[in-house]
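The values are calculated or read from the model by the stated rules, or taken from the named source; none is laboratory data. Since the model is a prediction, treat every value here as computed from it, not as a measurement. Positions of Cβ are generated from backbone atoms using ideal geometry, with glycine treated the same way; all protein chains shown enter the neighbour counts.
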Amino acid sequence: MINTNISCYGCGVCSLVCKSFAITIQMSGDGFWQPKIDLTRCTNCGQCENVCSYTHPDIIQPKDKIESQAYSIVTKDRKLLSEVSSGGAGYELGKLFLKNNYKVFGVEYDNNKNIASHIVIKSENELKKIIGSKYLQSYTVDAFKQVDIKEKYIFFGCPCQIDSLRRFTRNKNIERNWFFVDFFCHGVPSYHLWEKYSRHYVKKNTRIMGVKFRDKCNGWHKSMTMTMTMTNSIIYSRTLRKNDYFLNMFFGNYVLNESCYNCKFHGLNSAADIRIGDFWGRKYKNNKTGVSGAIVLTQAGCDTIKKLYQSCIIHEEDINTLLEGQIVNEIKPPKNRRFILEKLKTNMFLPLLYFIFAYKRWLKNSIPIGIKKIIRKYF
């Protein structure tokens, strides 16, 4: 039986494999998806431990693992390129696999529940539901309930989700029917941050209709922009550089899941067939429209990239050039992480919380000494 008192990845694969229906995935007190076990149902069969990536220090290796190869990928569809977060590699992969009778697991923002959820896509018309980055931990259980071991799937998700899923498919002897695509992951922030952030901008009698966590309205690369569309037609849009509260606290690593700080999946460490993400770094620093970086990790991944040349502009790249813009080492947790998490649960005004605890430059250079003493005394 897995230990539910630890801050695991929250991938939800344990609930998929449990034949006794003893495991549910619920929101923890800190705002992360985590398993909860009904001990009256649990039979101690050990299946949850067998598939749990968190309990295994190693990363499961694909059977057709090859020496890693790097590529830059940009879709030839210019309209699509303006809608996706980077170069469109994920969308083009999904479209390719749909044509080959695969179903697509991807993440959409559920504006009714105000969460990110994995869904199953069965047609190209639905594929745009999962376009764009979602800087939230995804809820997987409802999508996992639709898994048919006789069907074929391409799964887009976090590296930790895919490591557990590959263990599940190998145990079920259906690994050949699955294709896995993960991404260069920054970690997942507490939903308490997202809930406080979204409540701050949602006015009375309105709700969020759509979110672009990485809108390209101000360009790609360093011009990261959060855009939210409300039911009253009001659009909120603010960039990382202009102190968007959510983006800055997320990229500042203030309230990530505890397991994200010592993540074992940085760099080339992956159980996927292909790893994708933005091609950050110096080579494409002046690009305004977006470029995807892809690391091919298996023979299946290599064969797949060859099929994308018709719909994408693809170039072989140096792996180190691609990795220079990605996280390759452990993230150091901030000393005030626990304090911020607790304050996110209170009615503390979000801008005040942000400027006191997160905006280091403002805190260091702009606050008078007397105000700093008050902050230290009461916060």
>> Looking at (1) under 29 Å from Asn336 (Cα atoms); (2) β-branched (Val, Ile, Thr); (3) crowded, with 21+ Cβ neighbours inside 10 Å, which one does Thr239 not meet, given that it meets all the others?
In response: (3)
>> Against the condition surrounded by fewer than 16 Cβ atoms within 10 Å (Cβ to Cβ), assigned to a helix (DSSP H, G or I) and at pLDDT 95 or above, how does Glu342 come out, does it pass?
In response: yes
> Quick one: would you say Ala143 is in a helix (DSSP H, G or I), modelled with pLDDT of 95 or more, in contact with a strand residue (DSSP E or B) (Cβ under 6 Å, 6 or more places away or on another chain) and within 25 Å of Glu258 (Cβ to Cβ)?
Replying inline: yes
>> Being aliphatic (A, V, I, L, M) and closer than 17 Å to Arg78 by Cα is the filter here; which residues of region 273-313 pass it?
In response: Val291, Leu308, Ile313
>> The conditions are (1) more than 15 Å from the chain's Cα centre (by Cα); (2) under 13 Å from Leu193 (Cβ atoms), and Asn257 fails exactly one of them. Which is it?
In response: (1)
>> Against the conditions (1) modelled with pLDDT under 95; (2) under 18 Å from the mean Cα position of the chain (by Cα); (3) of a type outside the set (Asp, Glu), where does Phe279 fall short? Just the number, please.
In response: (1)
> Restricting attention to region 27-73, which residues are in contact (Cβ under 8 Å) with a residue 40 or more places away in the chain and β-branched (Val, Ile, Thr)?
Replying inline: Val51, Thr55, Ile59, Ile60, Ile66, Ile73
> Hey, among Ile25, Ile60, Ile66, Ile37, which residue is over 24 Å from the mean Cα position of the chain (by Cα) and modelled with pLDDT of 95 or more?
Replying inline: Ile66
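Quick one: how many residues across region 163-187 are among the β-branched types (Val, Ile, Thr) and in contact with a helix residue (DSSP H, G or I) (Cβ under 7 Å, 6 or more places away or on another chain)?
Start the filter on region 163-187 by keeping residues that are among the β-branched types (Val, Ile, Thr), which leaves 169, 174, 181.
Applying the additional criterion that residues be in contact with a helix residue (DSSP H, G or I) (Cβ under 7 Å, 6 or more places away or on another chain) yields 169, 181.
Result for region 163-187: 2.
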>> Taking the conditions exactly as written (small (Gly, Ala, Ser) and over 21 Å from Cys160 (Cα atoms)), does Ser133 satisfy them or not?
In response: no
> Can you tell me which residues in region 268-292 are closer than 25 Å to Tyr153 by Cα and part of a loop (DSSP other than H, G, I, E, B)?
Replying inline: Leu268, Asn269, Ser270, Ala271, Ala272, Asp273
> Between residues in region 347-367 that are part of a loop (DSSP other than H, G, I, E, B) and residues that are among the small types (Gly, Ala, Ser) and at pLDDT 75 or above, which pairs lie under 6 Å by C-beta distance while being six or more apart or on different chains?
Replying inline: Ala358/Gly252
